[in-house]
Structures are given as structure tokens and as C-alpha cells.
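Student: For reference, the structure I am asking about is given below.
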Amino acid sequence: MEHEVFVPVTVERLREALGDPVSVARAVPGLQQDAGADPVAGRLKVRVGSHSITYRGAVRVTGRDDGSYAVEGDATETRGTGSVTLALTLRLRDTEGGTTLTFDGTATADGRVTELPQDAVGSAVVRLLNRFAEALGETEEQPEEKPEQPETPEAVETPEPEAPPAPPVDDFTEPANPPAEAAHARRTMIGRSAEEVDHAPPRGRYAPVPAPQTVASGATLRWAAPAAAVVLASAIVVTRVLRKRR
């Protein structure tokens, strides 16, 4: 097979991309890389006509002394026993306005792809090489644009709010001139013992007001009835004694 692709990119830029395995992996259209494997290794779905076949394999690009590159690859079907082996030579030719990439070599395959029409297989291969060459020219790393940080407004010193005035505190201390009742009480306690002072009832306006005593009429009647019964019983006993003596 032999195929040419024009890319509007300089030869130097393409050589830098071909010398970097990560850039080559990015240029393979639809490649799903395997974690921890070589950069250009993983799964690739190839569409041939109305059919699609998924392969798992790897591709290696090696530079030669004459300025060309050897492209070698092998893969197997993920759902089948078919396999594909690729051996191509890639040359770069400086062309006005860009570079022409020339692919020539051989490819062998068996399995499902051999059951499909040859023209459909050829179209799928050409489409894959075209997309690879175009993507290879776009693999130049773009500088990462850092997101603009929003400008933080300068801190404005705000005056601290004044503390509210403290509420008035009631003064529970003894006044300088005590009332007359308190002075009289202190004068009357002079000369008493500590026990008498502790048990002395307060005087003046602090003296407790005695509760009014109420006399219930029911209490008198309740005690009067038993007393009358005792007197009557005594009189009956005395009368009987006197009668017996007669």
C-alpha cells in the first residue's frame, strides 16, 4: 500500500511530534489507552462500512538514519481470534505551505476483516491514515491558560460598634445612715447573748405580722357533747347506788 497526506505544518514540527510517544498516542484517532502500559497501546475501534471491529494492541514509531520512520504495529480482536500486523515506512517531504507525509508498506490481517469487501477495508485504512496525519500536526502543546483570579477587594477597616452602656446595678450595700428602726434594734440587742440575738424576733417594719386567730363554733360543740354525756352517766350511777342503799 502507498498513500500520501498533505499537512499544513513544517517538517520540524512533525519530527518533534513523531519523536514523542505521547504525541503519537494523541494522534491515533479513537485510541483508548491502557493504564500503566506503553503510551501507544490500548483499544482501537475501526469502522469498515457498516461494521465496526475493536482491536487491542500497540504501535511503535522508530526514527531511521535516512530521516524516515518505521511504523510497526500488531493487534488482536477483542471479540474474536482475528489479528492485524502493520509494517509501514513514513517519510516527510517539505512542500510549499506544509509537509507531505508518504506511507508505504504492507499490512496483513485475518479474522472478521477478511470477510468484508476489500474496497471498504481500503477506505477505512485511508481514512485512518488521513486523520492520524492531521492530528499529528495539531499535537503541539498549547500553553495552559490559568483562570483569572477574581480581584479581592482591599480590606476596609470598619469601626467597631461601641459597646452599649452597662445597665444600672442596684446597690445592696447598707446606707451610711441606717433607718431608725434598725438603729433601735441594734441598741436593744446590746448585752444579749449570741443565742438570744439569733432567736430574737425582728422588730419595726420587719417584724412579722401575726396571723389572726379564728375561733370555730364547731370545735366548742364537738367537745361539749361528750362532757354532757359523762355528767349524765355519772348521775345515773349515783341514783342507782342510792336506791340500793335504801
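Student: Roll a 1.4 Å probe over the protein heavy atoms and report the accessible area of HIS51 in Å², nearest 10.
Tutor: So the heavy atoms of HIS51 present about 90 Å² to solvent.
Student: Roll a 1.4 Å probe over the protein heavy atoms and report the accessible area of THR106 in Å², nearest 10.
Tutor: Estimated to the nearest 10 Å², THR106 gives 90 Å².
Student: Exactly which GluC sites (Glu not before Pro) in segment 1-49 are in a DSSP loop and have at most 12 other Cβ atoms within 10 Å?
Tutor: Taking segment 1-49 and a limit of 12 other Cβ atoms within 10 Å, no loop GluC sites (Glu not before Pro) are found.
Student: Something else about it: With a sphere of radius 13 Å drawn around the Cβ of GLN32, what net charge do the other residues whose Cβ falls strictly inside it have (Lys, Arg +1; Asp, Glu -1)?
Tutor: +3
Student: Same structure again: Projected area of segment 1-129, taken from the Cα convex hull and averaged over every viewing direction, in nm²?
Tutor: Computed as one quarter of the Cα hull surface, the answer is 8.1 nm².
Student: Another one. Using +1 at the Cβ of each Lys and Arg and -1 at the Cβ of each Asp and Glu in segment 1-86, identify which of ALA37, LEU18, GLY80 lies farthest towards the dipole's positive end.
Tutor: Projecting each Cα onto the dipole axis, the largest value belongs to GLY80.
Student: Where in segment 30-128 are there GluC sites (Glu not before Pro) that are in a DSSP coil and have at most 15 other Cβ atoms within 10 angstrom of their Cβ?
Tutor: GLU96
Student: Counting pairs of alpha carbon atoms under 8 Å apart in space and at least six apart in sequence, what relative contact order in percent does segment 16-88 give?
Tutor: Computed over segment 16-88, the figure is 20 percent.
Student: Right, something else. Could you pull out the trypsin sites (Lys or Arg not before Pro) across segment 77-122 that fall in loop regions by DSSP (anything but H, G, I, E, B) with no more than 12 other Cβ atoms inside 10 Å?
Tutor: Counting only loop positions with at most 12 other Cβ atoms within 10 Å, the trypsin sites (Lys or Arg not before Pro) in segment 77-122 are ARG79.
The values are calculated or read from the model by the stated rules, or taken from the named source; none is laboratory data. All figures in this text were calculated on a predicted structure; none of them were measured in a lab. Neighbour counts are summed over all protein chains in view; Cβ atoms, including those assigned to glycine, are modelled from backbone coordinates with ideal geometry. These accessible areas exclude ligands, DNA and RNA; they are computed on the full protein's heavy atoms, side chains included. Shrake-Rupley method; radii C 1.70, N 1.55, O 1.52, S 1.80 Å.
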